[in-house]
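Down below is the structure, laid out as structure tokens.
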Amino acid sequence: MQDLEAQLRDLPELQALLRYWKVRRQGRAMPARGDFDVVDMKPWLGNMNLVDVERNPLDFRYRVFGTNVANMLRKELTGHTIDDNPLSLVAELRASYERVVETAAPFYQRIDFVAVSEFYRFHRLLLPLSDDDKAVTQVLVGNTPIKEELALCLE
């Protein structure tokens, strides 16, 4: 997890979310959704997604889709699967969720995309949650969206 912490060194919001997730584990491999207090999570709520892991076949459904993220995409995805995401990144999003399900470990990802004629860079921290501390049942996603000038992002 030290590599993950190094990846987050310039992302204080995601560092704080990772620390909060670690505290909520209480010595277990993964915390459960019930271990989190929505009041404590207020700093992240608008940029957070909570994704249910569906089995047979494996799929991912947004239980909560952060309002700030929805406003950027101009699409509310709560209740929808990731296949309904309007971005051309569905395969990349699916791969990141599958990785978290397989490893039961946090994962950092940076994605770049254009939404509604604007270029965005998202720093994402995907955190596994489990009802039984064995199988990942949900993925908590902290997003740090950064709208950037297109010229700067083509580097």
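Would you pick out the residues in the range 20-58 that are basic (Lys, Arg), within 19 Å of LYS134 (Cβ to Cβ) and assigned to a loop (DSSP other than H, G, I, E, B)? Before you say what the answer is, go through the steps one by one.
So in the range 20-58, the residues basic (Lys, Arg) come out as 22, 24-25, 28, 33, 42, 55.
Imposing the further condition that a residue be within 19 Å of LYS134 (Cβ to Cβ) reduces the set to 22, 24-25, 28, 33, 55.
The answer is ARG28, ARG55.
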Within the range 10-31, can one find any residue that is more than 27 Å from THR78 (Cβ to Cβ), touching a Phe, Trp or Tyr at 6+ places or on another chain (Cβ under 8 Å) and touching a residue at least 12 places away in the same chain (Cβ under 8 Å)?
no
Reported set for the range 67-93 where residues are out of contact with any Asp or Glu (no Cβ under 6 Å at 6 or more places or on another chain) and among the small types (Gly, Ala, Ser) is GLY79, SER88, ALA91
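Name the single residue that is nearest to LEU58 (Cα to Cα) among those in the range 82-103 being aliphatic (A, V, I, L, M) and out of contact with any Lys or Arg (no Cβ under 8 Å at 6 or more places or on another chain). Walk me through it before giving the result.
Here is the first cut: in the range 82-103, the residues aliphatic (A, V, I, L, M) are 82, 87, 89-91, 93, 95, 100-101.
Filter once more, so that each one left must be out of contact with any Lys or Arg (no Cβ under 8 Å at 6 or more places or on another chain): 87, 89-91, 93, 95, 100-101.
Values: LEU87: 20, LEU89: 18, VAL90: 14, ALA91: 13, LEU93: 13, ALA95: 11, VAL100: 13, VAL101: 10 Å.
Checking each candidate, the answer is VAL101.
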When restricted to LEU87, LEU77, the only residue part of a loop (DSSP other than H, G, I, E, B), at pLDDT below 90, under 21 Å from ILE146 (Cα atoms) and in contact with a strand residue (DSSP E or B) (Cβ under 6 Å, 6 or more places away or on another chain) is LEU87
Those residues of the range 90-110 which are loosely packed, with under 14 Cβ neighbours inside 10 Å and assigned to a strand (DSSP E or B) amount to ARG110
(message) Going by what's in this entry, would MET1 be described as surrounded by fewer than 20 Cβ atoms within 10 Å (Cβ to Cβ), over 15 Å from the mean Cα position of the chain (by Cα) and at pLDDT below 95?
(response) yes
For VAL69, the lone unmet condition from (1) of a type in the set (A, V, I, L, M, F, W, C); (2) in contact with a Phe, Trp or Tyr (Cβ under 6 Å, 6 or more places away or on another chain); (3) modelled with pLDDT under 90 is (2)
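The values are calculated or read from the model by the stated rules, or taken from the named source; none is laboratory data. Computed from a prediction, not measured in an experiment: that's the story for all the values here. Cβ coordinates were reconstructed from backbone atoms using ideal geometry, including for glycine residues, and neighbour counts include every protein chain displayed.
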